[in-house]
1. Let me check I've understood the local charge: for residue 64, count other residues with C-beta under 15 angstrom from its C-beta, Lys and Arg +1, Asp and Glu -1. What total comes out?
2. Divide the volume of the convex hull of the Cα atoms of segment 33-133 by its number of residues and quote the answer in cubic angstrom per residue.
3. Using a simple spin-label model with points 7 Å from Cα along the Cα→Cβ vector, what separation in nm is obtained for residue 251 and residue 79?
4. So, by mean Cβ neighbours within 10 angstrom, what's the order for 66-76, 35-45 with the highest one leading?
5. To the nearest 0.05, what FRET efficiency results for residue 35 and residue 138 with a Förster distance of 22 Å applied to their C-beta separation?
6. Can you tell me the length gained on complete extension of the stretch residue 159 to residue 100, counting 0.36 nm per residue apart and subtracting the Cα distance?
7. What FRET efficiency would be calculated for the residue pair residue 235, residue 169, taking the C-beta separation as r and a Förster radius of 35 Å, to the nearest 0.05?
Amino acid sequence: MHMPAHSKPSFMLAMALLLALIPCAAMAHSPADMALSYDPPVGELSVTITHGVENPAIHFVYLVEIEKDGRIIERKEYQDQPTSGTFTYRYPVSALPGETITVTASCNLAGSITRQLVITGAAGGEPSSAPSLPLWHYHAILVVLGLICFLVAAGMVQLGHTIGGWYTYHKSVAALGGIFTIIAFLIPFYLVFLAGGPSSLLPHALLGILIILLVIGIIILGIARERSEISNPSLRSTHLWAGRLLIVLMILNLFYGLVLMGIL
């Protein structure tokens, strides 16, 4: 079926938006809820976490950190979670009335949730909440924005003859995509390499490094082509194929992330 030339930009934009919906829904998956209670006579803190997953051996709460009045008193790492829904961990904690217990539960793939408990003289305490820190949400959003920019930039090359000043737009949109992608990489770099995140994310992060190196290479090729005094078809061809490879790798890494999360 032949698609009219004027409908191609709209079709490509619709496909890009469809791709954008997939990772956002998959990545935004921090623990849904967490409840804290404290038994003063026993000196035991109960942490009940709700984190609905399909495979608790692949997608799980891997870290629970407990602070008392701002000082970390317990840091427990896990290789899976007991159930695919709601479960409870219990920790021996010594706390006096008036002290504040802060607990942060981190998913191995998608952010964290934080809750606080003010200790009183009676069992249970007075719970309060603190904002979650869903760093992977920002990572997902930035990756999607970068991918959309690269798809639009690639579309401009194919349809350039129908768009006035397309090359300037192509450069601007591609540069914006590069910025989004590089910033997106900084988040998993911190979580995996600096913050000691789970090793299951390492291949995903390494593929991200390859994508960043490819982005830098494409930028260099584009600058070299612009500054070349004579037409260089091989330089242009390399630049175009590197851009296509970039889009393929980003989509593959996106779906690899879905596999890590147990969605696929």
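1. Combined, the nearby Lys, Arg, Asp and Glu give -2.
2. Numbers: hull volume 8.6 nm³, N = 101.
That works out to 85 Å³ per residue.
3. About 3.7 nm, to one decimal.
4. Working: 66-76: 13.4, 35-45: 16.0.
Listed from highest to lowest mean packing, they are 35-45, 66-76.
5. After rounding, the FRET efficiency stands at 0.25.
6. That works out to 15.2 nm of additional length.
7. Working from the Cβ atoms, E equals 0.95.
The numbers here are math on the coordinates, done by the rules we state, and not lab data. Given the structure is predicted, the values throughout are model-derived calculations rather than measurements. Here Cβ is always computed from backbone atoms with ideal geometry, including for glycine, and neighbour counts include all displayed protein chains.
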